Structures are given as C-alpha cells and as structure tokens.
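The values are calculated or read from the model by the stated rules, or taken from the named source; none is laboratory data. On a predicted model such as this, the values are computed, not experimentally measured, just so you know. Cβ placement follows ideal geometry from the backbone for every residue including glycine, while neighbour counts extend to all protein chains displayed. Note: accessible area is taken over every heavy atom of the protein model, side chains too, but ligands, DNA and RNA are not part of it. Shrake-Rupley method; radii C 1.70, N 1.55, O 1.52, S 1.80 Å.
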Amino acid sequence: MNGSTHVDFEHTGPGLPAGELLRRYWQPAFVSEELPVAHPKPLKILGEELTLYRGEDKVARIIDGRCPHRGLVMSVGKVEGDSIRCRYHGWKIDPTGQCVEQPFEPKSFAAKVRVRSYPVEEYFGLIWVYLGPAPTPPLPRWPSLEQCGYFHVVELRKWNYFHDLENTVDDVHQRWVHAEGIYQDAANAGQIPAATALETEFGLMQYTSFPNGYLRKLALFMPNMLYFTSGAGMLRGFKSFLWNVPVDDVSHKMFFLLVAAHLSPEDGRDVADGVRSGMRYVASSLPPVEQVIQSVLSGEKRWEDIESRPDLLLIEDGIVLVGQGIIPDRSKNRLGASDAAIILLRKLYTREMSRIEKGEQPSAFPGPDERLLAQIDEFQAEPA
Ligand code: FES
Ligand SMILES: [Fe+2]
C-alpha cells in the first residue's frame, strides 16, 4: 500500500485548510492557575499571535497579539479593570477588542479602531479559546466528572502537530517505543494483536484486540483530540483526554487532562495532588525532556542508555516523532494494514480539508460529550 499523495495536513495558519478545520473547534490554550490577575501573557496558537490576560474581575480574555497603533505586543501592557492598556503610547483596548482611549490624541478616533477578541471559557483547570467562524459552538462539558480529582500535563513539542496526532492512534508503536505500557503488561507481553480502525460520527475508533481477549480502545475526536481509558503506568485507570494544539507549523502543545474517575473524589484529589508534586520534582531535578530527545537524536546517547524517569513516555515518543523530521513528506510513506488508523485519519482530514478548499461546509463533528464518552467506554469489539 502506498502513502498518500501530498496533502497539506501540516500547515495550520489562517486561511489554510487544516488551519480552518482546527479553528472550528474549541482548543485548550493555557492552564488556568498559571494565569494570575493582571499578568498578561503572549500566546501563539495556529500561527496566530494573541494576548491572554486575566482582568481585575478575574475573567480570562484573549485578544489579538499586537496593539493596533504601532504594533507593540499587548502582553507587556497594563491590565486596568477588564481592559488592557498598551505600554507604548497608552491606547486602551476593552475586552471586546474595541479601542476606548487614545490619551494623547487631541481628536480621538478610538471608536474606529478595533482588534479581534475571541470567545474564552475556563473549565477543568484549563483556559479554552475558539478561533473559528460564528456561531461559536458550545464547549463540551462533563458534569459527571466535575467532582473528580484531575491533573494536567502540558508539553511544548518542537515539531509539527500532525506527528503527535498520528502517533496517538498508532498502537503498534506502543510495542516498540515504550518501556512500559499495555504491550509490556505480563498478560499481553509477546502477543500479536489485530489493529483495526472504524470511522465514527465523531472521527475514528482505533481498537487493538489481543488474542487473550484484552481490548484496547482509542477514540480520536476530529480534528485533534484523543480519548482513552487504557493508559498504563502513571495513566492507569484515569480517563485520559489529549489535545494536540499547533503553536505554529513547527511546534505544538500537548494538553493532557487526566481525570481520576475510578477513585472517590477525595482519593482522586489526593492522587492528583501527588502527581502534581511529582511532576514539579521531575521538572526541577531532571534534564528537560527536549534535551534528552536531542541527545539521542544527535548520537550522543544510545536509546538503551536513556535513564528511566516518570515522564519517560514523552521522551520515547519525542525521539521517534522529531526523528521523522520536523515536517516530514508523508507522500513517501509506505503504509500497511497495521496503519489502518493512520490511513483513516488522513482520509478524514483530506475529505474535510477538500470541502473547506471548495468553500463547502465541513462536517460538524460532535465534541467529546458525556453521551459519546459513555458509548466509547461501553464499546466491546468481538475478541480476535
Ligand atoms: S503601540 Fe500601542 S499605543 Fe502605540
Ligand atoms: Fe507513544
């Protein structure tokens, strides 16, 4: 089987088909607790420079990245009430993006000056943004999980997002890349499962049936969210959500949201607190993930000599992903039957991007609401 002919899955700037597809869905942008009141942050998503700030009313907001006067980044500005004032000449922009003050202009033309502002919500400890056309769809919500403990892992990855997206539904790599996981569990070790992919109303299901009856399920919600409950190691037992959000074409952020639905709310919160402090320890005491990835890719260190650590999985994946090239030429791929989910993912993207290019409406894939999550959790394939 040959790879696809060239389709541009990788470039996601404004106006490009993959970018327009991703913009039609809410994306996680930032961790809520990392945004204090009146401390604006520069933010880049899908190649767009934005400004994120929390007003004195505690509400998080996202507006364009630069001042409409002479282009200073607004993230060095000063928050005043629910608005933000540019540090250069004092123009003030309100939360809708409207310029409301030009202090040194004898005849203010502020009413004629506006930047874009974007719908923002906060949920499950994350700040979400919608960058697409109106109408804004509702943000998916999970009322039955709201009492559970949860934690996030957010990782900046310095390669194109589509690598990680494909990797999320590539179950075979679990056997070869990871030291710990479902393929290494005693009952599964040495088994050769069958990997299948099914198109669904929300995107695709990848399932791997082991001869011993074990079934692994991965649900990819178009365009860029993965849901699974079959994680191993640190993820065991958690309901796991993962968004791969392009920063630009050569980097993206992975936002993991891990919900302890298998534990009581108290135990779940304790476990989540423990994981958070463990992650702080890892971040402060071990070499950065990126550094270890580069040390292996440069030939300085052998794969076999990578030290074991709690976030080893991110290093293992990072090496095999950036090792394909920052933006690889997928048309050269030679895909086989075990790439069923990759083939289907590319097919769905190709179909939706082509609709967008022709000016047609792309599919409105449903978000990961509770009805669909329950359906996925209950789904049972025939044992292989
Ligand atoms: S650049 Fe912002 S007020 Fe001049
Ligand atoms: Fe992996």
Kindly list, by first and then second residue, each pair from a residue in the range 160-175 that is among the β-branched types (Val, Ile, Thr) to a residue that is open to solvent by 20 Å² or more (accessible area, probe 1.4 Å) and more than 16 Å from ligand 1 (Cβ to nearest atom), limited to pairs with Cβ atoms under 7 Å and residues at least 6 apart or on different chains. VAL172/ALA195; VAL172/SER338
Sole exception among (1) modelled with pLDDT of 95 or more; (2) touching a strand residue (DSSP E or B) at 6+ places or on another chain (Cβ under 7 Å); (3) surrounded by fewer than 17 Cβ atoms within 10 Å (Cβ to Cβ) for SER363, by number: (2)
Select, from ARG351, ARG371, the only residue that is outside any loop (DSSP other than H, G, I, E, B) and within 18 Å of PRO223 (Cβ to Cβ). ARG351
What do you reckon, is ASP329 under 19 Å from the mean Cα position of the chain (by Cα), of a type in the set (Asp, Glu) and farther than 18 Å from HIS178 by Cα? no
Restricting attention to the range 234-247, does a residue exist that is aliphatic (A, V, I, L, M) and farther than 26 Å from TRP128 by Cα? no
If I ask for residues that are without any contact (Cβ under 8 Å) to a residue 40 or more places away in the chain and closer than 20 Å to GLU33 by Cα, which ones from the range 106-131 would you list? PRO119, TYR123
Restricting attention to strands (runs of 3 or more DSSP E) lying wholly within the range 153-245, give those where 1 or more residues are farther than 30 Å from GLY47 by Cβ, open to solvent by 20 Å² or more (accessible area, probe 1.4 Å) and not hydrophobic (A, V, I, L, M, F, W, C). 194-199, 203-209, 215-221
Could you please find all residues in the range 151-186 being away from ligand 2 (no atom under 11 Å from the Cβ), more than 16 Å from ASN224 (Cβ to Cβ) and basic (Lys, Arg)? LYS158
Please count how many residues of the range 317-332 are open to solvent by 50 Å² or more (accessible area, probe 1.4 Å), out of contact with any strand residue (DSSP E or B) (no Cβ under 9 Å at 6 or more places or on another chain), away from ligand 2 (no atom under 16 Å from the Cβ) and not in a helix (DSSP H, G or I). 2
Is at least one residue of the range 131-147 of a type in the set (A, V, I, L, M, F, W, C), at pLDDT 95 or above, closer than 21 Å to THR51 by Cα and within 16 Å of ligand 1 (Cβ to nearest atom)? no
